[in-house]
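A short write-up of the structure that comes next.
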Amino acid sequence: MFTSCSCEHSHLPHSALLPTPSGRVNVREIRHIVIVGGGTAGWMAAAALSRLRNGTNVEITVVESEAIGTVGVGEATIPPFVEFNRLLEIDEAEMLAASQGSFKVGIQFVNWGKLGDSYIHPFGNYGYELHGVTFPHVWHKYRQGGDRRPIQVFNLETMAAHFGRFAKTEDYGSRDDLPPTNYAYHLDAGRYAKFLRGYAEKRGAVRREGKVVDVALDGETGFVTTLTLDGGETISGDLFVDCSGFRGLLIEQALKTGYEDWRNFVPCDRAVALPCPREDGSGPMPYTRATAHSAGWQWQVPLQERNGNGHVYCSEYISDEAALDTLLGNLAGKPTADPNFLRFVTGRRKKFWNKNVVALGLAAGFMEPLESTSIHLINTGINKLISLLNLSGVTQAQEDAFNRLTGREYARIRDFLVLHYSATSRTDSDFWNHCRTMPIPDSLAEKIELFRSNGQIFREEDELFTETSWAAVMMGQGIAMGGHNVMADTLPEPTTRREVDAIEQSIRHVVSQMPAHGDYLAKYCPATPL
């Protein structure tokens, strides 16, 4: 039961109550933060918030039940996640060894524009800005003049992925004339959560075992006050972080926040996941692969000693049994676990911060892992929470800012995901016919039209995806760059031509010096045995 209330304020120890200007009664002082749910989201939050133990008297408690499984399919990350670990001063090699991790320089998309197509969405930029003009416009100028080099040869990460190689920037001297390597990780999510649990507990976070069976709300404010566990233990808190997964134990079941359903834009609603070894003897590639099938797509995430695999699909166009058969028919080895079927609704909570509850991870919403944004959204949610956190209490202004910024972030990621589905010429199945003809958000339609007309990609403020990201997917799936910035025609010759040639030569040089990805892992961060 998750609706019990109390009109007494005894549920709020350490706290005095103060009316806000808006009339809300808020917790005056935050001394106890309770995280409901472990897994990747819960232990990322605990690890980050455990820093409060250094210099404050804030308690951090994680309520987690061994009897409740975690989804654990989000094993691929994007570059901002590297900074998250650096801020926690986590040793990268130690973390990757513990989580069977590997490096990732981008995502390969197969069969998305049409059957047989393949392209890389890289983490680094195409070239670099020349005299104030971004590189794709310079490339297009020369392309029109007869230069047949594809834009991909001007991107280090794409070429490293093509040859299955990897090295970090510092490994080749960090010379100013050589491009940096932009990378993220592939991780065993369960192992990574376990690693963070150790990190957080060393810094004072406390884990409590048990299922939450009751949530008490303050009768006047509606704030969560106390959790009751199945063993009878009660846990009081001042701020609650809901990491309970799809259930949304606090944000939805207790506070009835509501949910925005985006299946009209992103139609897939189910997934099945399976791990397997690489029985063909190949080493781990430094990229995630997303292969489109008749009614969805398959992910392949190469860890050091296995692949993580899954098939995301739309139940309107394929059965669970057929979806599993499709996955089984496209694995690199025999499955090492039973299939894990998941049901989801793409979308987001109407509020991510409601009263004194902040939702992270799947409790906040679901964006399918096509662009590996699941862990990223946990990361940015934690960043915003820490930036807005005030230990003197919870205010309406904090809630409003968190919800506005997070809602905008989800919408922009949604648009980028929709692009992959809508920008297709596939006609081989009812699913792809639907995706090709479905309405798309106006914000996405504008981006596509600007690119088609003049090659322009306008990014709004702190938008996650770069100009290269948008250009890679659009051109990779058949949307032609319709022109270029007129300023590209004013660039000095032959200086600009020499700079363009030098970019390609530098990339060729760096990639030629890189070891095979598997060899790099074996030397830098060999997986810790199970």
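The values are calculated or read from the model by the stated rules, or taken from the named source; none is laboratory data. A quick note: this is a predicted structure, and the numbers were derived from the prediction, not measured. Note that each Cβ is placed from the backbone with ideal geometry, even for glycine, and that neighbours are counted across all protein chains shown.
Yes or no: T158 in the same structural domain as R508 (by TED's automatic domain parsing), in contact with a Pro (Cβ under 6 Å, 6 or more places away or on another chain) and either modelled with pLDDT under 95 or within 21 Å of G39 (Cβ to Cβ) (or both)?
On the way: in the same structural domain as R508 (by TED's automatic domain parsing): yes; in contact with a Pro (Cβ under 6 Å, 6 or more places away or on another chain): yes; either modelled with pLDDT under 95 or within 21 Å of G39 (Cβ to Cβ) (or both): no.
Taking the combined requirement at face value, the residue does not satisfy it.
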Here are some conditions: (1) acidic (D, E); (2) under 11 Å from V272 (Cα atoms); (3) in contact (Cβ under 8 Å) with a residue 60 or more places away in the chain. D320 meets all but one. Which one does it not meet? (3)
Got a number for residues in region 154-205 being aromatic (F, W, Y) and without any contact (Cβ under 8 Å) to a residue 24 or more places away in the chain? 0
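Tally up the residues in region 221-233 that are loosely packed, with under 15 Cβ neighbours inside 10 Å and either under 27 Å from the mean Cα position of the chain (by Cα) or touching a residue at least 12 places away in the same chain (Cβ under 8 Å) (or both), please.
Of the residues in region 221-233, the ones loosely packed, with under 15 Cβ neighbours inside 10 Å are 230-233.
Then drop every residue that is not either under 27 Å from the mean Cα position of the chain (by Cα) or touching a residue at least 12 places away in the same chain (Cβ under 8 Å) (or both), which leaves 230-231, 233.
Count: 3.
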Considering only region 84-108, state which residues are in contact with a helix residue (DSSP H, G or I) (Cβ under 7 Å, 6 or more places away or on another chain) and assigned to a helix (DSSP H, G or I). F84, N85, E92, A93, M95, A98
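Of a type in the set (G, A, S), modelled with pLDDT under 95 and under 27 Å from V110 (Cβ atoms): which single residue out of G482, G478 fits that description?
Values: G478 fails: modelled with pLDDT under 95.
After applying the criteria, what remains is G482.
Within region 296-349, which residues are among the acidic types (D, E) and assigned to a loop (DSSP other than H, G, I, E, B)?
At the first step, the residues of region 296-349 found to be among the acidic types (D, E) are 305, 316, 320-321, 325, 338.
Residues satisfying the conditions are E305, E316, D338.
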Qualifying positions in region 271-287 - touching a His at 6+ places or on another chain (Cβ under 9 Å) and either in a strand (DSSP E or B) or surrounded by fewer than 17 Cβ atoms within 10 Å (Cβ to Cβ) (or both): A271, V272, A273, L274
Show me the strands (runs of 3 or more DSSP E) entirely contained within region 182-255 in which 1 or more residues are β-branched (V, I, T). 206-209, 212-218, 224-229, 234-236, 239-242
Report whether or not R404 is outside any helix (DSSP H, G or I) and basic (K, R). no
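Would you confirm whether or not region 456-467 contains a residue that is out of contact with any helix residue (DSSP H, G or I) (no Cβ under 8 Å at 6 or more places or on another chain), assigned to a helix (DSSP H, G or I) and either among the basic types (K, R) or more than 19 Å from T346 (Cβ to Cβ) (or both)? Don't jump to the end; show me each part of the working.
Residues of region 456-467 out of contact with any helix residue (DSSP H, G or I) (no Cβ under 8 Å at 6 or more places or on another chain): 461-462, 466.
Narrowing further to those that are assigned to a helix (DSSP H, G or I): none.
Within region 456-467, none of the residues are out of contact with any helix residue (DSSP H, G or I) (no Cβ under 8 Å at 6 or more places or on another chain), assigned to a helix (DSSP H, G or I) and either among the basic types (K, R) or more than 19 Å from T346 (Cβ to Cβ) (or both).
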